[in-house]
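Worksheet: one structure, shown below.
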Amino acid sequence: MTLQPYIYANDQSRRRTILLVEDEPFVREATCNILQRAGFEVLPAADAPDAMEIYEQRQPSIDLVITDMVLPGATGQQLGQDLRQRSPEVKVLVTSGYGNPEYNGEAPESHTYFLAKPYSRRTLLEKIEQILEVTLALPATQVG
């Protein structure tokens, strides 16, 4: 059986770009696959310095930054603050397997969101829909 990519139900005018910052290679690769199958262009980074370099090069086209809270040499929180100095409107989704009181509540006014690990494909894509205010059409073969 061939899985069909997700399609945007309401905003097919352009492909969305996500900067994914994850230091665990397996998690980074698996999340990239989920996002690419959902129709996103994914820019993977293994740590905060890589992410900053990619962001500098591709900033106008990046719609969302998804970052792990715990990164080598920096936190996802610090990365979000550094990115926000360059672009105050950047949307950042912080993920973590550890509870963090600062991110347990959503902060849409600061464009910062939180998603607890482990998360399912469906939960991740629903969170992205909420943040980017788009609707993804999820084929029955890919639900879950």
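Looking at segment 56-68, which of its residues are of a type outside the set (K, R) and surrounded by fewer than 20 Cβ atoms within 10 Å (Cβ to Cβ)?
Residues of segment 56-68 of a type outside the set (K, R): 56-57, 59-68.
Once the filter is applied, which keeps residues that are of a type outside the set (K, R) and surrounded by fewer than 20 Cβ atoms within 10 Å (Cβ to Cβ), segment 56-68 yields E56, Q57, Q59, P60, S61, D63.
Being of a type in the set (V, I, T) and either at pLDDT 90 or above or more than 20 Å from E133 (Cα to Cα) (or both) is the filter here, so list the residues in segment 69-120 that pass it. Before the answer, list the steps.
Taking segment 69-120 first, the residues of a type in the set (V, I, T) are 70, 75, 90, 92, 94-95, 112.
Selection gives V70, T75, V90, V92, V94, T95.
Restricting attention to segment 42-65, does a residue exist that is on the phi < 0 side of the Ramachandran plot, assigned to a strand (DSSP E or B) and acidic (D, E)?
The initial filter retains those residues of segment 42-65 that are on the phi < 0 side of the Ramachandran plot, namely 42-65.
Then keep just the ones that are assigned to a strand (DSSP E or B); that gives 42-45, 64-65.
Subsequent filtering for residues that are acidic (D, E) retains none.
No, there is no match, as no residue in segment 42-65 is on the phi < 0 side of the Ramachandran plot, assigned to a strand (DSSP E or B) and acidic (D, E).
Can you pull out the residues in segment 11-35 that are surrounded by fewer than 15 Cβ atoms within 10 Å (Cβ to Cβ) and either touching a Gly at 6+ places or on another chain (Cβ under 7 Å) or without any contact (Cβ under 8 Å) to a residue 24 or more places away in the chain (or both)? Can you show your working first?
Within segment 11-35, the first condition is being surrounded by fewer than 15 Cβ atoms within 10 Å (Cβ to Cβ), and the residues that meet it are 11-15, 24-26, 29-30, 33.
The answer is Q12, S13, R14, R15, P25, F26, E29, A30, N33.
Of all residues in segment 58-69 being in contact with a strand residue (DSSP E or B) (Cβ under 9 Å, 6 or more places away or on another chain) and not hydrophobic (A, V, I, L, M, F, W, C), which is nearest to L93 (Cα to Cα)? Can you show your working first?
Quick first cut of segment 58-69, residues in contact with a strand residue (DSSP E or B) (Cβ under 9 Å, 6 or more places away or on another chain) only: 58, 61-69.
So of that shortlist, the ones also not hydrophobic (A, V, I, L, M, F, W, C) come out as 58, 61, 63, 67-68.
Values: R58: 18, S61: 17, D63: 11, T67: 6, D68: 8 Å.
In this case the residue turns out to be T67.
The values are calculated or read from the model by the stated rules, or taken from the named source; none is laboratory data. From a predicted model like this one, the values you see are computed outputs, not experimental measurements. So basically every Cβ, Gly included, is an ideal-geometry build from the backbone, and we count neighbours across all protein chains shown.
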